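Since the structure comes first, as structure tokens, the remarks are kept for the end.
The values are calculated or read from the model by the stated rules, or taken from the named source; none is laboratory data. The shown structure was predicted, so the numbers you read here are calculated from the model rather than taken from an experiment. Neighbour counts run over all protein chains shown; Cβ positions are idealised from the backbone, glycine included. Note: areas computed on protein heavy atoms with side chains; ligands, DNA, RNA excluded. Shrake-Rupley method; radii C 1.70, N 1.55, O 1.52, S 1.80 Å.
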Amino acid sequence: MKLRDLSPLMARRRDGGLSHGRFRADPALASLNWPDDILEQFLFDHGDNSAFVHDYGDIDLCEIRWSLETIPAEDFEELPTGASDAGCIENFAKNPVHWVRVRPPEVGQHWERHGTWLRPPILIARWLLHPADTGLQVGVLRGRRREGLHVASHHQAWVGHPAM
């Protein structure tokens, strides 16, 4: 099943017809056996964003195996985003304080106390997008590091690898 195949489900979510609880219980998603955090962050939050669908719409969702892993902070410095989001990380990095401030207060508090995301971000093996590529793809915490703000040395992240 591909992300594009979920467009009817995404339309119901967008129209307000599905809470996250009802969304994750949909039979179309049950076969994925993904952690709830992935269903929410990857599909519920972004599954109908046109740039996101452009970048990830052709991935076979059944071919992704997710694991919670610890990634060194410096590894995030070079990780790219999807092609449609080129430049967005640099934009966020220009003013990281603003981008944390416009989020709920607990997000900023978590960054100040722990130097990392409140919820583990999602990384995906680039091989899933382009079989010749290697490494991971994600948004990064460049701005906080550049500004000298508190950043943990390691971060928990959901990493999507090809299912074997």
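Looking at region 66-80 only, could you name the residues that are modelled with pLDDT under 90 and either open to solvent by 30 Å² or more (accessible area, probe 1.4 Å) or among the basic types (Lys, Arg) (or both)?
Across region 66-80, the qualifying residues are GLU74, ASP75, GLU77, GLU78, PRO80.
Of everything in region 153-164 that's open to solvent by 20 Å² or more (accessible area, probe 1.4 Å) and of a type in the set (Gly, Ala, Ser), which residue is farthest from TRP111 (Cα to Cα)?
ALA163
Given the condition touching a Gly at 6+ places or on another chain (Cβ under 9 Å), under 16 Å from GLU77 (Cα atoms) and among the hydroxyl-bearing types (Ser, Thr, Tyr), answer yes or no: does some residue in region 139-156 qualify?
yes
Check off (1) closer than 22 Å to VAL159 by Cβ; (2) open to solvent by less than 40 Å² (accessible area, probe 1.4 Å); (3) modelled with pLDDT of 85 or more; (4) of a type outside the set (Asp, Glu) for MET10 and give me the number that stays unchecked.
That leaves (1) as the condition not met.
Looking at (1) closer than 18 Å to VAL159 by Cα; (2) open to solvent by less than 50 Å² (accessible area, probe 1.4 Å), can you tell me which one CYS88 breaks?
Only one criterion in (1) closer than 18 Å to VAL159 by Cα; (2) open to solvent by less than 50 Å² (accessible area, probe 1.4 Å) is unmet by CYS88, namely (1).
Yes/no per residue for (1) open to solvent by 40 Å² or more (accessible area, probe 1.4 Å); (2) free of Cβ contacts under 8 Å to residues at least 60 places away in the same chain; (3) touching a strand residue (DSSP E or B) at 6+ places or on another chain (Cβ under 7 Å):
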position: LYS2; (1), (2), (3): yes, yes, yes
position: ILE38; (1), (2), (3): no, no, yes
position: HIS54; (1), (2), (3): yes, yes, no
position: ILE64; (1), (2), (3): no, no, yes
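State which residue is surrounded by the fewest Cβ atoms within 10 Å (Cβ to Cβ) when the search covers only region 115-152 and only residues that are among the polar types (S, T, N, Q) and at pLDDT below 90.
Our first condition is that a residue be among the polar types (S, T, N, Q); within region 115-152, this holds for 116, 134, 137.
Checking the rest, the ones that are also at pLDDT below 90 come to 134, 137.
Numbers: THR134: 8, GLN137: 22.
Checked region 115-152; the qualifying residue surrounded by the fewest Cβ atoms within 10 Å (Cβ to Cβ) is THR134.
Restricting the first residue to region 98-114 and requiring it to be exposed (fewer than 12 other Cβ atoms within 10 Å of the Cβ), which pairs with a second residue that is outside any helix (DSSP H, G or I) meet a Cβ separation below 7 Å and a spacing of at least six or different chains?
Within 7 Å, the pairs are GLU106/LEU118; GLU112/HIS150.
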